[in-house]
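What follows is calculated from the coordinates using simple rules that are stated; it is not laboratory data. Everything quoted here is computed from the prediction, not taken from an experiment. A quick note on method: Cβ atoms are made from the backbone with ideal geometry, for glycine too, and the neighbour counts reach across all protein chains shown.
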Amino acid sequence: MKIAVCIKQVVTREWQIRVNDAKTWIRDQDASFELNEPDAYALEEALRLKEKHTGDVVVCSAGPARAAQVIREALARGADRAIHVESDALAAADAFTVADALAGAIRDEKFDLVLTGLQSDDQGFGQVGVVLAEKLGMPHATIIMEVQGGQGTLRVKRELEGGWFQWVTLPLPAVLTIQSGINQLRYATLKGIMAAKKKEIRKVTPAPAAEPSQRILRVYFPEKGKKTQIISGTPAEAARELVKHLREDARAI
Amino acid sequence: MVLVLAEQRGGKLNRTTWEAVAAAQQAGTPVKIVVPGSGADTVAAEIAAADAAEVILAEAPALADYTADGYVAALSALIAQEKPDLVFLPHTYQTRDFAPALAARLGRALVTDVTAIKKDGGAIVYVRPMFQGKLNADVSATGPAPHLITIQIGAFRADAAKRGASPAATRKVSLAVEATAIRQKPEAPFKEAKQAVDLSQAERIVSVGRGIKGQEHLKVAQDLAAALGAELAASRPICDAGWLPMDRQIGSSGQTVAPKLYVALGISGAIQHLVGMKGSRTIVAINKDPEAPMFEVADYGIVGDLFEIVPAMIAELNK
C-alpha cells in the first residue's frame, strides 16, 4: 500500500504567542515549532498500515524551509521518504492554497491512501484534507478513529458528536482525516534518527498560487467574556481565598 | 439572500441549526433555510417557525442517510440553482465532513468556526479563533459569491433566532443524485458500550488536562475531588493517552456537563473542551499559562503550579 501522510509544522503549545507589528500574524521568528498533533497520529496510523500490508509511507508537507524540522522527525519515526512543497507564502496560507500545493505535488505519485490530521493547531481550518480529496477526485471520510481492511476498500470508524460513531466503507484510493487518540504514538529511536539522514526529501516549488479565498485582516487576543477574578498570593493564600469564595460567594461547596 | 443548511439525522433536527439561523439573520436578509434529506417534512415544519422567507425541502432518495458525496452533489446543484449571496452552516462534525468539498466543488471561499460577525461598511468581517483559541482573527472572504460560513457551536444562542409571526412557506425541490455517484457506504450510527459514568448528573466536577503531566500525578486531582465531593473528569488528551477511561471525557466528542462547580486543572481550554462545560455555574481555572483560554470562561482563576495549589486547596477544605 502506497500511503501519503500530509503533515504540518505548527507553533508549540508552550510558546507564549506574540503578535507581529502589523497585527496580522504571529511573530514567526520568535516561535518554537513542532509537528501538528493530529498529523502525528495520522503518521502513526500510516506506519501501522504499512506494517500490516507492506508498502511505502511518504510524508508531504507544504510550508516554508523551517518545515524540514518536522519532515526529518517523521522520517526518523519511520516514513520512507518525503516531499517538501517549499514556499514562505505557505506559512500563513488559506486551506485552498495549501491543498492546491499538496495536490500538485502528490497527484502523479498515484497513492492508494492519503492521510492527514483532522485539523491544524494553528489556523485550525479543518479543511485541507477534504479539499485535497476533492482536488484529487478521491472519496474521503473524516475524524477517523479506526481503520480496517486495505484490499481495494477500507472500512473506517468516523467519530460523530456526543459519543456516537459510524462505520463507513469506501473504495481506494481515498483520503482520511485522522482524529487524535486513534492509536498510541511511537517516538523516534536513535537508529531511526540515523537512518532518516539517508532518506530522500524531494523539494517541490509550488505553482503560482491562485488568489487566496480568505484574508486575515487582524489578529488579537480575545477579550474575556466573563469577569474572571484572578486570585494571587502564595499557593496557601490563594487556596484559602478561593475556598472562601466558593463557600461564601458562589455557594458551590 | 442568506441560505442556511439545516442539519438533521433520522428526521431529528440538530438544534445547532437554530444557532446558524441566528447568525444568518444577523448577516443579511432574506434568510432561507434548506433541509436536505428524504422525507424530512417534520424537520422542515419545525424549522419553519423561524423568521425566514422560505424553507426549502431538498429531497433525494440518496440523501436518506448522510454521505459526503451525496450532500456535495445535491447541495452544489441546489446552490447553483438558488444563487444565494451567503451559505451558513453549523460547525458540526457532519459539516466538517462535507462543507470543504462542497466549497471546493463550487470554487467558493469557506470560512470555518466563526464566532461573531461584524459589518465594515458593506463588507462582512468574520471573527474566528486561531492557535487553539489563544488568538482571534478578523477574516474577510474573497472571490465570487456565495461564501460558505460555518458557525461555531455555542457562539450564537439558539433562542436568539427570531421566530416568524406565522410558519415560513415550504417548497419541495427534488434533486437528482445518482446513487452510483456516492462512494461512501455508511452503516448505522452507534454508541460504544454503555457509559459507566454519567457526568451530567454530577454536582461538582474536578477535571484534568495536559498540565497534569503524567498518570502518576492523577492522585492529587482524585484527592481534590474527594475533598470537594466531586467526580473526576478530563479533557480529551488525557483519555487519548489512556490515563483515564473515555467515559470521563468532557467536550464535543465526550460528555456535556453543567455542574454547580467545575474545577479545571491544567486545561488550556481549547474550544472542543469548552463546548462541553461552559454552561457550568461556577468555573475555576488553575493553570500556569496566564493566556490559557480557560481563564476567559472562568469565574475564579489562579495562575500557578497546580502541584502547589491543589494540595493547599485540599488542606484548606479539610480544615
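Structure values in brief
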read-out	value
Karplus-derived 3J(HN,Hα), 6.51/-1.76/1.60, for each residue of the range B:287-302, Hz, glycine and proline x	7, 7, 9, x, 8, 4, x, 4, 5, 6, 9, 7, 7, 10, x, 10
Sequence-distant residues sharing a close amide H with residue A:229 (under 5 Å, placed H)	B:300, B:301
Integer Hz, Karplus 6.51/-1.76/1.60 couplings in order for the range B:131-140, x for Gly and Pro	6, 6, x, 6, 10, 9, 10, 8, 10, 10
Folded to 0 to 90 degrees: helix B:306-317 orientation relative to chain B principal axis, Cα	70 degrees
Dipole-positive endmost among B:42, B:241, B:77 within chain B (Cβ charges, Cα centre)	B:77
Helix axis angle, B:93-106 relative to chain B longest principal axis, alpha carbon, degrees	40 degrees
If the convex hull is drawn through the Cα atoms of the protein assembly as shown, its volume per residue in Å³	156 Å³
Ellipticity estimate at 222 nm from DSSP helix runs (n ≥ 4, -39,500 (n - 2.57)) divided over chain B, nearest 500	-7500 deg cm²/dmol
Cα extents of the range B:199-317 along the three principal axes, largest first (Å)	33, 28, 26
Relative counts (whole %) of C-alpha pair distances in the range A:2-204, using bins that are 5 Å wide	1, 8, 16, 21, 21, 16, 10, 5, 2, 0, 0
Note, ³J(HN,Hα) from phi for the range A:13-26, Karplus 6.51, -1.76, 1.60, rounded to Hz, x at Gly and Pro	5, 7, 5, 6, 4, 10, 9, 6, 5, 6, 6, 10, 6, 7
Residues whose placed amide H lies under 5 Å from that of residue A:202, excluding near-sequence neighbours	A:82, A:83, A:84
Candidate lysines for bridging to residue B:118, where Cα separation is under 30 Å - those fewer than 8 sequence places away on the same chain excluded	A:23, A:224, A:226, A:227, B:32, B:83, B:134, B:162, B:278
Computed over chain B, the ratio Rg/Rh where both radii use C-alpha atoms and Rh is Kirkwood	1.03
Inter-centroid distance (Cα atoms) of the range B:270-319 relative to the range B:38-109, Å	40 Å
Cβ-based charge dipole, the range A:2-204, positive-most Cα from A:96, A:188, A:4	A:188
Per-residue mean of C-beta atoms belonging to partner chains within 10 Å, peptide A:9-20	2
Cβ neighbours within 10 Å from other chains - mean over B:121-132	4
0 to 90° range, to nearest 10: angle between helix B:68-82 axis and chain B longest Cα axis	50 degrees
Low-density loop positions, chymotrypsin sites (Phe, Trp or Tyr not before Pro), the range B:122-193 - DSSP coil, at most 10 other Cβ in 10 Å	none
Peptides A:176-183, B:308-315, A:45-52 ordered by average Cβ neighbours within 10 Å, highest first	A:176-183, B:308-315, A:45-52
Rounded, prolate or oblate (a/c below 1.5 giving rounded, otherwise prolate when a/b exceeds b/c) for the range B:1-113 by Cα gyration tensor	rounded
Overall dimensions of the range A:16-73 as given by Cα atoms, namely Rg and Dmax in Å	15.6, 50
Contact order normalised by residue count of chain B, Cα under 8 Å, 6+ apart, percent	15 percent
